[in-house]
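A.B. asks: So that we are looking at the same thing, I have put the structure below in structure tokens.
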Amino acid sequence: MTELTIDPNFSLEGKVAIVSGGASGIGGAVAEMFVAKGAKVAIVDLLEDQAKEKADSLGSLATAWAVDVTNSESVNSVVDRVHAHYGVIDILLHSAGIVALDPAEKVTDSDWSRQIDVNLTGTFNMDRAVGNVMLAHGAGKIINMASQAGSIALENHAAYCASKWGVIGLSKVLASEWAGRGVTVNTISPTVVLTELGKKAWAGQKGEDLKKQIPTGRFALPEEIAAAAVFLASNASNMINGADLIIDGGYTIQ
């Protein structure tokens, strides 16, 4: 067996990463940190103009691509084009997702379907397309953004919880099926993250009340989630497979 030399700096030098949902939010923070660690990053997003703006801000190591993760043809096409452009795909960080909150009895058909389509089916579409490329190369790391809502019940989150529990379950199945062929699959499950959307959604007393329930007393920073993604994307995490890394300040241990 070849001895693995662990890089303590978690370098991604020379690696090619796809970051889906990378135009903003957590995905944007991950794209920034991946580039800082030396990776070439394909930012894929439904919002093509925002993806291009983000890529331009990151310099020559980043490119922008349009995709609808709910549409398998769109996903297959963009993955094929990214693969052709770079010649390899080493890392997938999948972060595209949406949320619509309502008591379970008031959830509409459209809100339910949209959250399952984007959060769960979108994850499967991206993982399957990129996974096939990685399996052909015999190596790769897939990191799916889940949520603390994939481990515990949250009021008014029926569709979102269902989708994120599904993401964690799907990821564990892929981890079991693919690790023997060189591809590991893990999930990251954050609490509220202070992206621009997170700041707006949890401003005021509602946010202050929730923070009191978190042992660390605060919400997560996007950079903290990105740092975890860098570790999982690096060769230091090669023995981590099928894990769900919960970044919630201890909220779910209570």
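Every number in this text was worked out from the coordinates using simple rules, so none of it is lab data. Fair warning: this is a prediction, and the values are worked out from it, not measured in the lab. Quick reminder, even Gly has a Cβ in these numbers, built from the backbone with ideal geometry, and neighbours come from all protein chains shown.
A.B. asks: If neighbour count is taken as other Cβ atoms inside 10 Å, put Lys54, Lys200 in order from fewest to most.
C.D. replies: Ascending Cβ contact count within 10 Å gives the list Lys200, Lys54.
A.B. asks: Here's another thing I want to ask about it. Would you please classify the overall shape of the stretch 182-224 from the alpha carbon gyration tensor, given that a ≥ b ≥ c denote the square roots of the eigenvalues, rounded means a/c under 1.5, and beyond that prolate means a/b larger than b/c while oblate covers the rest?
C.D. replies: The shape class here is prolate.
A.B. asks: Quick check on the stretch 16-246: what does the Kirkwood estimate of hydrodynamic radius come out to from the alpha carbon pairs, in Å?
C.D. replies: 17.7
A.B. asks: Explain nothing, just the number: relative contact order of the stretch 16-246, from Cα pairs under 8 Å at least 6 residues apart, as a whole percent.
C.D. replies: For the stretch 16-246, the relative contact order is 20 percent.
A.B. asks: Starting with the fewest neighbours, write out Asp45, Asp127 ranked by other beta-carbon atoms found within 10 Å of each beta-carbon.
C.D. replies: By the 10 Å Cβ count, ascending, the order reads Asp127, Asp45.
A.B. asks: Please give me the summed charge of the neighbours of Asn125: other residues whose Cβ is under 10 Å from its Cβ, Lys and Arg +1, Asp and Glu -1.
C.D. replies: In short, -3.
A.B. asks: Okay, next question. Lysine pairs in the chain 8 or more apart or on different chains: how many have alpha carbons under 13 angstrom apart?
C.D. replies: The result is 5.
A.B. asks: Further question: Defining a contact as two alpha carbons under 8 Å apart and six or more residues distant in sequence, what relative contact order in percent does the stretch 1-148 show?
C.D. replies: 23
A.B. asks: Compute the angle between helix 72-86 and the longest alpha-carbon principal axis of the chain, please, reported from 0 to 90 degrees and rounded to the nearest 10.
C.D. replies: 40
A.B. asks: Right, another one. Let me know the whole percent of all Cα-Cα pairs from the stretch 1-116 that are separated by more than 16 Å.
C.D. replies: Within the stretch 1-116, distances greater than 16 Å cover 63 percent of Cα pairs.
A.B. asks: Moving to a separate point now. Under Stokes-Einstein, with the Kirkwood radius over Cα pairs standing in for Rh, what whole-number D in µm²/s applies to the stretch 135-197 at 20 °C and 1.002 mPa s?
C.D. replies: 168
A.B. asks: Hey, fewest Cβ within 10 Å first, where do Glu48, Glu13 land in order?
C.D. replies: If I rank by nearby Cβ atoms, fewest first, I get Glu13, Glu48.
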